[in-house]
Amino acid sequence: MENYDKASVIEAKHKRQTQQEMNELQRDMKYQVQEEKADTESKIAMKKDVIQSRDASIQLYKDEQKSLQEKLQKLNEKQQDLAMK
């Protein structure tokens, strides 16, 4: 569970970094000629894809962590039931 938590934190950090890079590209577009804007728009689209991918990874890690917590809870219940017998 700890590994999923760490991975989720790392993904969130990379997502923020990518978001900042995308914001910089968007600000720079103001000072670009049309040909440069097309290239920058392509880079922004790629950054958006990366952000969506990171969001999906974060959600997957959270789902896996929740599943592991449920399994741990069930194992604890089983242990208590066996201890009572």
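The values are calculated or read from the model by the stated rules, or taken from the named source; none is laboratory data. No experiment lies behind these values; they were computed from the predicted model shown. Here the Cβ positions follow ideal geometry from the backbone for every residue, glycine too, while neighbour counts run over all protein chains shown. Note: accessible area is taken over every heavy atom of the protein model, side chains too, but ligands, DNA and RNA are not part of it. Shrake-Rupley method; radii C 1.70, N 1.55, O 1.52, S 1.80 Å.
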Those residues of region 1-37 that are open to solvent by 60 Å² or more (accessible area, probe 1.4 Å), hydrophobic (A, V, I, L, M, F, W, C) and farther than 29 Å from LEU60 by Cα come to a total of 1
So which of GLU35, GLU24 is modelled with pLDDT of 95 or more and over 17 Å from the mean Cα position of the chain (by Cα)?
GLU24
How many residues does region 20-58 contain that are within 18 Å of GLU2 (Cβ to Cβ) and not aliphatic (A, V, I, L, M)?
1
Of everything in region 41-71, what is of a type outside the set (D, E, K, R), open to solvent by 70 Å² or more (accessible area, probe 1.4 Å) and touching a residue at least 24 places away in the same chain (Cβ under 8 Å)? Give them in sequence order.
GLN69
